[in-house]
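Data block below; observations after.
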Amino acid sequence: MGVGIIMAHFAKLDENNIVTNVLVIDDKDVANNGGERSTEAEQWVSDNFEGGVWKQTSYNTNMGKYFDPETGLEDEDQSKAYRKNYAGIGYIYHSDIDGFSPPKPYESWTINSTTGRWQPPIAFPITTTTGVTLTGPLGVSYEQPYNYDWDESNQRWIAYTIDVNGVLENNYIWNSTNLEWEINNG
């Protein structure tokens, strides 16, 4: 393993705290202008690149956890986790949790302050496959999935299943009390 140039990442925010750009900055420039995780470095980036408000973001942080860049595994030293998630264009910076999140998928979902991810008002379904094994046209076997999505207008999870030819079989509603899919073909 060779040692390469270490780079820091900074996200530019618009007036609504939406990320509009992400820049890679040499760590030497960061060290010479306030250092890692400093408001001075963020100001230096603003002064030298496009102006505006910039926040440093960690390329190796996801869902509030730091992942080792060499192995991709969760690092033992979680003090390296920074700002919940690596900021991408369209992400949102939340000053109340000092972290980035993906765009909000539905109005009813709320931000998890630990992971920086959006949570539905009803937990994600725990059953994602039907238990039926199908064999596709190329002879590959797979467990039939529930293709599910959030139904914002009815505040519930819905799903459907298709056969190996892509033909709709059934529609379902998630019963969050019994923790099972119920057929809803009506």
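Please treat every number below as a calculation from the coordinates, not as lab data. No experiment lies behind these values; they were computed from the predicted model shown. Methodologically, a virtual Cβ is constructed for each residue, glycine included, from the backbone with ideal geometry; neighbour enumeration extends over all protein chains shown.
Spacing of the modelled spin labels on N16 and E40, each 7 Å from Cα toward Cβ, amounts to 3.5 nm.
Semi-axis lengths, largest first, of the ellipsoid equivalent to the range 129-183 are 25, 12, 8 Å, with √(5λ) applied to each eigenvalue of the Cα gyration tensor.
Could you order peptides 112-124, 137-149 by the average number of other Cβ atoms within 10 Å of their residues, highest first? Mind showing how you got there, number by number?
Values: 112-124: 14.8, 137-149: 11.2.
In descending order of packing, they fall as 112-124, 137-149.
Bridgeable aspartates and glutamates around K84 (alpha carbons under 20 Å apart, same-chain partners fewer than 8 residues away excluded): D14, E36, E42, D68, E70, E74, D75, E76, D96, D98.
Counting Lys +1, Arg +1, Asp -1, Glu -1, what net charge surrounds D68 among other residues with beta carbon under 14 Å of its beta carbon?
-3
The value of relative contact order for the range 1-122, using C-alpha pairs under 8 Å at least six residues apart, is 21 percent. Please give the net charge around L23, taking every other residue with its beta carbon less than 14 angstrom from that of L23, where Lys and Arg add +1 and Asp and Glu add -1. Combined, the nearby Lys, Arg, Asp and Glu give -4. Counted over the chain with a bin width of 10 Å, the fraction of Cα pairs per bin, in whole percents, is 9, 26, 24, 20, 15, 7, 0. Once the Cα atoms are used to define both axes, helix 39-48 deviates from the longest principal axis of the chain by about 80 degrees. Counting only Cα atoms, the range 46-138 measures 59, 37, 29 Å along its principal axes, largest extent leading.
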